[in-house]
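Asks: Below: one structure in structure tokens.
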Amino acid sequence: LRRDHGLTLRDVRRVDVETSAGGLIPLIHHRPGTGLQAKFSMEYAVAAALADAGVRLSSFTDEAVRRPEIVDFMARVNATECQGALFPRSSLVRLELVSGDVLERRVEVQHGAAADPLTDDELIEKVADCLSHGGCGADPRKLLHLASGMRRHSAAVLLDSLM
């Protein structure tokens, strides 16, 4: 919804997320104060996705979690679980915009799962984020190309070619 409608934190008045039974069990931090706590927070993940135009590893630093606009926005995110079976998994996301419009989307398959895989560009972007966050200057395209040939080469050969 963020990407499709070009939304930012300022555009959204309220977010309601309804997930499958058990979906909120690991999400124990409703107002995280650290990057580690934020990894277990629906409220933070939603706020960071809107503020950062997506969620990256840099979204989970202590400094990122403590941004005033994020802290304020988390109070506007409400998450609930459906009653019933744990499977199949799904979520319903409802955004109430400042304009008064309401946007809604049901997610039956998580993007990145086998049934809805990342595009090549999304995978390259994800690998680039990991490499950058780890301080590695390797080329993500080259790494993915080499990784696709792992059956033909030893790990040592692949690592040497990255350096």
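Asks: Within segment 106-123, count every residue that is outside any loop (DSSP other than H, G, I, E, B), farther than 18 Å from residue 144 by Cβ and of a type in the set (A, V, I, L, M, F, W, C).
Replies: Initial filter on segment 106-123 (outside any loop (DSSP other than H, G, I, E, B)): 106-107, 120-123.
With farther than 18 Å from residue 144 by Cβ added as a condition, the list becomes 106-107.
Applying the additional criterion that residues be of a type in the set (A, V, I, L, M, F, W, C) yields 107.
The number of residues fulfilling the criteria is 1.
Asks: Identify all residues within segment 89-121 that are over 22 Å from residue 23 (Cα atoms) and hydroxyl-bearing (Ser, Thr, Tyr); write none if there are none.
Replies: 99, 119
Asks: Restricting attention to segment 28-44, does a residue exist that is in a strand (DSSP E or B), polar (S, T, N, Q) and more than 26 Å from residue 123 (Cβ to Cβ)?
Replies: No, segment 28-44 contains no residue that is in a strand (DSSP E or B), polar (S, T, N, Q) and more than 26 Å from residue 123 (Cβ to Cβ).
Asks: For residue 98, are the conditions met, namely being in contact with an Asp or Glu (Cβ under 9 Å, 6 or more places away or on another chain) and touching a residue at least 60 places away in the same chain (Cβ under 8 Å)?
Replies: yes
Asks: If you check residue 68 against the conditions, is it under 27 Å from residue 134 (Cα atoms) and loosely packed, with under 13 Cβ neighbours inside 10 Å?
Replies: yes
Asks: Can you pull out the residues in segment 128-147 that are buried (at least 16 other Cβ atoms within 10 Å of the Cβ) and within 14 Å of residue 160 (Cα to Cα)?
Replies: 138, 143, 146
Each row is one residue, and each column tells you yes or no for (1) touching a residue at least 40 places away in the same chain (Cβ under 8 Å); (2) farther than 20 Å from residue 107 by Cα; (3) touching a helix residue (DSSP H, G or I) at 6+ places or on another chain (Cβ under 7 Å).
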site: 13; (1), (2), (3): yes, yes, no
site: 17; (1), (2), (3): yes, no, yes
site: 25; (1), (2), (3): no, no, no
site: 28; (1), (2), (3): no, yes, no
site: 31; (1), (2), (3): yes, yes, yes
site: 63; (1), (2), (3): no, yes, no
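Asks: Against the conditions (1) farther than 20 Å from residue 27 by Cα; (2) assigned to a loop (DSSP other than H, G, I, E, B); (3) in the same structural domain as residue 47 (by TED's automatic domain parsing), where does residue 103 fall short? Just the number, please.
Replies: All conditions are met except number (2).
Asks: Which residues, taken from segment 1-16, are part of a loop (DSSP other than H, G, I, E, B) and closer than 14 Å to residue 94 by Cα?
Replies: Selection gives 1, 7.
Asks: Now a separate question. Given the criteria out of contact with any strand residue (DSSP E or B) (no Cβ under 8 Å at 6 or more places or on another chain), of a type in the set (Gly, Ala, Ser), surrounded by 13 or more Cβ atoms within 10 Å (Cβ to Cβ) and more than 18 Å from residue 17 (Cβ to Cβ), does residue 85 qualify? Lay out the reasoning, then the answer.
Replies: Details: out of contact with any strand residue (DSSP E or B) (no Cβ under 8 Å at 6 or more places or on another chain): yes; of a type in the set (Gly, Ala, Ser): yes; surrounded by 13 or more Cβ atoms within 10 Å (Cβ to Cβ): no; more than 18 Å from residue 17 (Cβ to Cβ): yes.
Spelling it out, it is not the case that residue 85 is out of contact with any strand residue (DSSP E or B) (no Cβ under 8 Å at 6 or more places or on another chain), of a type in the set (Gly, Ala, Ser), surrounded by 13 or more Cβ atoms within 10 Å (Cβ to Cβ) and more than 18 Å from residue 17 (Cβ to Cβ).
The values are calculated or read from the model by the stated rules, or taken from the named source; none is laboratory data. Fair warning: this is a prediction, and the values are worked out from it, not measured in the lab. Positions of Cβ are generated from backbone atoms using ideal geometry, with glycine treated the same way; all protein chains shown enter the neighbour counts.
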